[in-house]
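Undergrad: Handing you this structure, nothing more for now.
The values are calculated or read from the model by the stated rules, or taken from the named source; none is laboratory data. This structure is a prediction, so every number in the text was calculated from the model and none was measured. Protein only, heavy atoms only, side chains kept; ligands, DNA and RNA dropped before computing areas. Shrake-Rupley method; radii C 1.70, N 1.55, O 1.52, S 1.80 Å.
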Amino acid sequence: MSESVVVPSDRDVRGTLDSPEGDRCVVACPPHPQMGGNRSDPRLRAVSDALESACLRFDYGPWDEGRGELADVRGAYAWAGGRYDRVSLFGYSFGGCLALVAAARESAAGTPPERVVALSPAARLSEGIDAVAAVDEIDCPVGIVYGERDTTVDAEAVAARVRARGGRVEVMSADHHFVGQTPKVGELVAELLSI
């Protein structure tokens, strides 16, 4: 069962809440919106299908070079926090970077997520939106999954920081898009989100 959600914001942020029952929710951040990334991304759907909790998949508002999109992630996180006792963040690629930076900002604000997992996260989007730097500021368990043949983003830079702080890093025999491995990705990310 799913329901439509409008995230309260100055921006037009709409989402789909899958399996809304329970006390736990994962906010799923899509890949780059200018590259077709949206809440229907197959990797986000696979994670949502594998979870044993609610999952809010959402679309970013109008393109704002990462700044507005980061605000969208934090708005979706706040919405979920008002409805669920425990909220985690997950993101893929562009969304993975945003999930990590949002987790760092929420940690600084005293409202850290239960956990954060990034799938093939971009290392940096712009000045101030840097996943590598954000990792050390996150006050919750952090997990990374990436493909060893990924030539799209520098996920290893993020993974090295996560390893250094004792987080869990999983490397798959895959490219950036995890072609043919979407169900396996969903199960692995869901496992990291439930540990």
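Undergrad: Could you sort 69, 187 by accessible area so the largest value comes first, with the probe set to 1.4 Å?
TA: Largest accessible area first, the list is 187, 69.
Undergrad: Hey, another quick one. With a 1.4 Å probe and all protein chains kept in place, how do 172, 35 rank by accessible area, largest first?
TA: 35, 172
Undergrad: Based on the Kirkwood radius over alpha-carbon pairs, what is the Stokes-Einstein translational diffusion coefficient of segment 68-112 at 20 °C with 1.002 mPa s viscosity, in µm²/s?
TA: Value of D from the Cα-based Kirkwood radius: 205 µm²/s.
Undergrad: Moving on to the next point. Can you give the Rg/Rh ratio of segment 1-87, where Rg is from the C-alpha atoms and Rh is the Kirkwood radius?
TA: 0.94
Undergrad: With a Cα-only, solvent-free Debye model of segment 63-138, what are the log10 I(q)/I(0) values at q = 0.19 Å⁻¹?
TA: The Cα Debye sum returns log10 ratios of -0.68.
Undergrad: Any chance you could look up the accessible area of residue 151 with a 1.4 Å probe, heavy atoms only, rounded to 10 Å²?
TA: Around 130 Å² of this residue is reachable by solvent.
Undergrad: What is the set of long-range amide H partners of residue 174 at a cut-off below 5 Å, with H atoms built 1.01 Å from backbone N?
TA: Those lying under 5 Å, H to H, from residue 174 are 148, 149.
Undergrad: Then there is this: Just the number, please: carbon plus sulfur as a percent of the accessible area of segment 51-123, 1.4 Å probe, no ligands or DNA/RNA counted.
TA: That share works out to 44 percent.
Undergrad: Using just the alpha carbons, could you tell me how many Å³ per residue the convex hull of segment 86-128 encloses?
TA: Dividing the Cα hull volume of segment 86-128 by its residues yields 50 Å³.
Undergrad: Moving on to the next point. Taking amide H atoms as placed 1.01 Å from N in the peptide plane, list the residues 5 or more away in sequence, or in a different chain, whose amide H sits under 5 Å from that of residue 154.
TA: Residues meeting the amide H criterion: 123.
Undergrad: Also, I was wondering about something else. As a test question: what accessible area, to the nearest 10 Å², does residue 175 have when a 1.4 Å probe is rolled over all protein chains in place?
TA: Approximately 50 Å² for this residue.
Undergrad: Mean separation of Cα pairs under 8 Å and 6+ residues apart, divided by the residue count of the chain: what relative contact order is that in percent?
TA: 19 percent
Undergrad: Another one. Quick one: accessible area per residue over segment 30-156, 1.4 Å probe, rounded to a whole number of Å²?
TA: On the way: 4940 Å² over 127 residues.
Value returned for segment 30-156: 39 Å² of accessible area per residue.
Undergrad: Taking N as the number of residues in the chain, what value does Rg over Cα atoms divided by 2.2 N^0.38 Å take?
TA: Cα-based Rg divided by the globular estimate yields 0.89.
Undergrad: With a 1.4 Å probe and all protein chains in place, put 124, 24 in order of accessible area, largest first. Intermediate results must be reported in sequence, preceding the final value.
TA: Numbers: 124 135, 24 30 Å².
Result, largest first: 124, 24.
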